[in-house]
1. Scan the range 359-382 residue by residue and report those that are in contact with a strand residue (DSSP E or B) (Cβ under 7 Å, 6 or more places away or on another chain) and of a type in the set (Lys, Arg).
2. Here are some residues: Arg47, Arg75. Which one is more than 19 Å from Pro172 (Cβ to Cβ) and without any contact (Cβ under 8 Å) to a residue 60 or more places away in the chain?
3. Could you grab the pairs with beta carbons closer than 7 Å, sequence gap of 6+ or different chains, first residue in the range 368-383 and under 19 Å from Gly317 (Cβ atoms), second one aromatic (Phe, Trp, Tyr) and crowded, with 17+ Cβ neighbours inside 10 Å?
4. Quick one: count up the residues across the range 242-262 that are out of contact with any helix residue (DSSP H, G or I) (no Cβ under 6 Å at 6 or more places or on another chain), assigned to a helix (DSSP H, G or I) and surrounded by 22 or more Cβ atoms within 10 Å (Cβ to Cβ).
5. Is it the case that Pro98 is exposed (fewer than 15 other Cβ atoms within 10 Å of the Cβ), free of Cβ contacts under 8 Å to residues at least 12 places away in the same chain and in contact with a helix residue (DSSP H, G or I) (Cβ under 9 Å, 6 or more places away or on another chain)?
6. Looking at this structure, is Ala118 in contact with a Lys or Arg (Cβ under 8 Å, 6 or more places away or on another chain) and modelled with pLDDT of 95 or more?
7. Since Ala106 meets every condition but one in (1) out of contact with any His (no Cβ under 7 Å at 6 or more places or on another chain); (2) under 24 Å from Gly163 (Cα atoms); (3) hydrophobic (A, V, I, L, M, F, W, C), which condition does it not meet?
8. Kindly indicate whether Leu351 is of a type outside the set (Lys, Arg), outside the structural domain of Ile281 (by TED's automatic domain parsing) and modelled with pLDDT under 95.
Amino acid sequence: MNAPPDSKPIAAAEFAARLAALAPSSRIAVALSGGPDSLALLFLAARWAKAGKRATLTAFTVDHGLRPESAREARAAARMAKALGVGHRILRWKGEKPKTGLQAAAREARYRLLAEAARAEAIGDLLVAHHLDDQAETFLLRLARGSGVDGLAAMAPARDLPGAPPLRLLRPLLSFPRARLAATLAKEKLEAIHDPSNDNLRFDRVKARRILRDLAPLGLGAERLAATAAHMARVRAALEAETQALLAAHARLAPEGFVVADARALAGTPDEIALRALAEILKCVAGADYPPRFDALVAIHASLVDGTLGRGRTLHGCKLSVSRGELLATREPAAALKAPPLRLRPGEAGLWDGRFVIEVETLPRAASGAEWRALGAAGLAALGSLAVLEKRGQPPIGVPKSALPALPALWKGGDLLAVPHIGIVPAGLRVSVAPTGRGLLPPP
C-alpha cells in the first residue's frame with residue numbers, strides 16, 4: 001500500500017527543483033537547531049550540494065543559553081553536521097537576556113548571529129527550515145493580529161537580509177508539509193533533538209498549531225491556509241509594482257540619504273498606494289526593516305492630503321516636511337546619534353545606521369581604531385559655520401541643512417577625521433559610502 005502523498009520522503013529531485021527556483025549561490029549555510037525540521041533541511045541540502053559538487057555548505061547552530069540543555073544540544077547538532085559531512089560552527093548569544101519579550105529578542109539575536117557568521121565566511125545564502133505548516137501558523141497568527149495584505153502574505157521564499165556584503169535568507173521547504181520532513185528523517189534513520197518549548201501552550205505558535213488541527217475538518221487545514229497566504233503574496237506583489245512605479249516617477253533617494261518626492265503626486269494617488277509609498281520612504285530614510293505604526297502613517301498621509309504637513313512632523317526616526325510642492329524626508333539627528341558605531345579595517349565593509357554601506361579600501365595610520373558615527377551638532381561645530389562651508393562649495397548644492405547632522409563621519413574619540421559626503425577626506429583614506437536604499441526605493 002502506497003503512503004499518502006503528504007507523508008512521503010522528499011525526493012532529491014523535488015528539493016533540487018525548489019532550491020533551483022531560488023537561484024542559490026555557490027556558498028550556502030543552513031541554520032541548524034538540531035530539531036527535526038532543520039535536520040531534514042541539512043540532510044536535503046547536503047545531498048543536493050554533493051550531487052555534482054553544486055555548492056560549498058556550512059551549518060550554524062545558535063546556542064541562546066536560555067535552557068541548561070542548550071550547550072549540550074548545540075554540541076549534538078555539531079555531531080549531526082559532522083555525520084553528514086558538513087562543516088559546523090556554534091554561535092553563542094552572550095550578555096544579559098531581557099526579562100520581557102524574550103522570544104522576540106532571541107529571534108533577533110539568532111538572525112543577527114547567523115548573518116554575522118555567514119558574512120564572515122563570504123556566504124551568499126542562508127537556508128532556514130520553515131515549511132508549509134509554519135506558513136499556515138504564521139498566517140493564523142497574523143490574522144489574529146489584524147494584519148493586512150502584507151502580513152497575511154506570511155513568509156516569502158526568499159528575502160534580502162540588511163547589511164554588507166549581500167546575503168539572502170532562503171526558505172526552500174515552504175511547499176512541503178511537516179509530515180514529509182519527518183518521513184525523510186525516518187527513511188534516513190536520522191534522530192533529531194526534541195525541544196520541549198515546541199509543546200508549551202504558553203507560546204502563541206504552539207496554540208496556533210493546535211488550532212490548525214481543529215480547523216482541518218472544516219477545510220481550513222495547513223495546505224489551504226498556506227495557499228491563501230500565496231494568494232495574498234500575489235496581491236502584495238501587484239501593489240508593490242504600483243508603488244514602485246509611483247516612487248520611480250516621483251521620488252528620489254539622494255547619495256546623502258535623504259529622499260525628495262512630489263507631494264502632489266503622493267497626495268493624488270489612491271490611499272493604499274500612497275500609504276505604501278510613504279512607508280517605503282520612511283523605511284529607506286530610517287534604514288529600517290519594518291514600516292512605522294499604521295495609525296501614525298495614516299495620520300501623516302492625511303496631513304499630506306489636506307496640506308497641513310507644512311514645516312514638518314517626525315515619525316520612524318525621520319523628519320517629514322513639505323515646501324513648494326516637494327516632500328522632504330531626512331533622518332532625525334537624534335536617531336542617527338543612537339546608531340552603534342562601526343569600526344572597519346582596510347578591506348572591510350559594513351552597514352552603518354541601516355542606511356549606508358561603508359567600504360574602506362585604505363586607512364591612514366592616524367585613523368587606526370577610529371569609528372564611524374553620526375556627524376551631529378558636534379561635528380558641524382568642529383567644521384565651522386555652515387556659511388564657511390558653503391563658501392568652500394560644501395555641502396554639495398541641493399543638500400538640505402537638516403540632512404547634514406545625520407551623515408556618517410569618521411571619529412577618533414572626540415576628533416573628527418572625515419566626512420566623505422562633503423569632501424572632507426584625509427590623505428591616505430580611500431573609502432566608499434553609499435546609501436543602501438530599502439525595499440522599493442533603490443539606491444541612487
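1. Matches in the range 359-382: Arg373 only.
2. On the way: Arg47 fails: more than 19 Å from Pro172 (Cβ to Cβ).
The match here is Arg75.
3. The qualifying pairs are Trp372/Trp352; Arg373/Trp411.
4. So the answer is 0.
5. Spelling it out, Pro98 is indeed exposed (fewer than 15 other Cβ atoms within 10 Å of the Cβ), free of Cβ contacts under 8 Å to residues at least 12 places away in the same chain and in contact with a helix residue (DSSP H, G or I) (Cβ under 9 Å, 6 or more places away or on another chain).
6. Numbers: in contact with a Lys or Arg (Cβ under 8 Å, 6 or more places away or on another chain): no; modelled with pLDDT of 95 or more: yes.
Here the answer is no, as Ala118 does not meet what is asked.
7. (1)
8. Values: of a type outside the set (Lys, Arg): yes; outside the structural domain of Ile281 (by TED's automatic domain parsing): yes; modelled with pLDDT under 95: yes.
For Leu351, the condition - of a type outside the set (Lys, Arg), outside the structural domain of Ile281 (by TED's automatic domain parsing) and modelled with pLDDT under 95 - is met.
The values are calculated or read from the model by the stated rules, or taken from the named source; none is laboratory data. Predicted model, so just to flag it, every value in this text is computed and none were measured. Counting neighbours? That spans all protein chains shown, and the Cβs are built from the backbone with ideal geometry, glycine included.
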